[in-house]
1. Based only on other Cβ atoms within 10 Å, what is the fewest-to-most ordering of 406, 178?
2. Please report how far the C-alpha centroid of the range 370-400 lies from that of the range 175-207, rounded to the nearest whole angstrom.
3. I'd like to compare 380-386, 152-158: which one has the highest average count of other Cβ atoms within 10 Å, and what's the full order after that?
4. Compute the distance in nm between two label points, each set 7 Å from the Cα along the Cα-to-Cβ direction, one at residue 256 and one at residue 26.
5. Taking every pair of alpha-carbon atoms in the range 213-273, what share in percent sits in each 10 Å bin, from 0 to the bin with the longest distance?
6. Kindly write out, for the range 61-74 in residue order, the coupling ³J(HN,Hα) from the Karplus curve 6.51 cos²θ - 1.76 cosθ + 1.60 (θ = phi - 60°), rounded to whole Hz, with x marking Gly and Pro.
7. Sorted from fewest to most neighbouring beta carbons within 10 Å, what does the list 403, 375 look like?
8. Mind jotting down the distance between the C-alpha centroids of the range 256-280 and the range 70-111, whole Å?
Amino acid sequence: MKHYFHGGIHPADGTDKLLSNQKPIRIYRPKIVEISMKQSPGSVCEAIVKKGDRVSRGDLIGEPKRFGGANIHASISGMVIDVRIDSVSFSQDIEIVVIEADDKEEPEYPTGDYEERLLDLSDYSKDMIIAKMKDGGLTGLGGAGFPTYIKYETKEKISHVLINAAECEPYLTCDHMLMLEHSYAIINGVLLLVKASGAEKALICLEDNKQDAAQVMERIISDKDLPIEIKILPTRYPQGGERQLVEATLGMEVPAGQLPASIGVIINNVGTAKALADIVLGDRPLISRLVTVTGKVKDQGNYLVPIGTRYSELIGASGGFTADISRVIEGGPMTGTCLQIGGSHEELTGSISKVTSGLLVLEDEQKDETPCIRCGECERVCPAGLAPFKIDFAAIENDISLCDKLYATECISCGCCSYVCPAKRELAYRITEAKKEIFKLRWESNK
């Protein structure tokens, strides 16, 4: 029986993916990295190195300051030439560790057996795998950046691990290429996740626009009697949302306000599975990731880069902008963060983090909001089953209590509502801001 999630849209025709999903992965080695001690929204670390220290690739350089953080490691070997402070939102001062590489070019890690064949993992216990997740700084590589070990310390009985390989955001292809070029490592990583969870089975969930990757993985697991199944889903955004993936694959719903573990499910990105194999079987922490650089650049592709690679440098390696007035987005066009509007790529600030799946350059377009026409289209496509136009009205009136009553906290910020709105209203943005305010008020009331 096929299951589908509620709502959703088709925001692209496939030509966006074709810009980068036919090109082999490229390795990029920067001379300098700028590693932020904030690698995801909820993760802030404290630098344990200082200017003048020499570090080797893989050395621990940042430790969590509170719950929700994950270890940060040096992504290249060299000298710490600065530890500067950057001020960000919510009055946080974030340390940036700047490392300059040694003059001698650093060799790549040797290819391990886990990259070429399935390994016997019987000697790896649940506790050992979880400890290595923690030590290696493993976080979700799909966008949220939550420390993976915390998911696996749950007391809930887990029946399924879902491997999110949907990559439903337009333009992004890094997960697709990862599956094509590192399939054995991914399968070994998935088997480690199954052991760590005690689950009966893992489902590797792909959209049907990635049949080539599905075939590669199916050939590896076929006739092996492994607790892994390849699940092909219709191409529909936001297929990769946690709740949507559970509904589409298992026909179950995650109760409002609860995590998937409450119904026996843990979800990890396919890149996280590969990174776990690197940590446990390759003995290297999470210090690099695959990033799609695409859109209005001269040479689109997927780059394997050290964490801390500067945005400007990576865009430069892709040939720079081809749009007269560009909008640069970290991530995909639906849920990504705008980094810059106009200007040159050399003026772009910031660096690749553990959650940077892509750098997307688009032609900037002016959009003017007009009054809501009450068409209800936003409500029809909302995968969370909300009424976005109602929450939007409440948010404009700054009625946070009403936003809460309308379940704004269940919004997954996918952007479907804004995409289909004929009045071009910034529904997703205002609802997301209202959601943040609700959580902030709840936190303050519980202090």
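Taken together, the values in this text are just the output of simple stated rules run on the coordinates, not laboratory data. Please read these numbers as outputs of a predicted model, since none were measured by experiment. Here the Cβ positions follow ideal geometry from the backbone for every residue, glycine too, while neighbour counts run over all protein chains shown.
1. Sorted ascending by nearby Cβ count, the order is 406, 178.
2. Cα centres, the range 370-400 to the range 175-207: 37 Å.
3. Highest-to-lowest ranking by the protection proxy: 380-386, 152-158.
4. 4.8
5. Whole-percent P(r) values from 0 Å outward: 17, 47, 31, 5.
6. Result, rounded to whole Hz: 10, x, 10, x, 8, 7, 4, x, x, 9, 3, 10, 10, 5.
7. Starting with the residue having the fewest Cβ neighbours, the order is 375, 403.
8. Between the Cα centre of the range 70-111 and that of the range 256-280, the gap is 26 Å.
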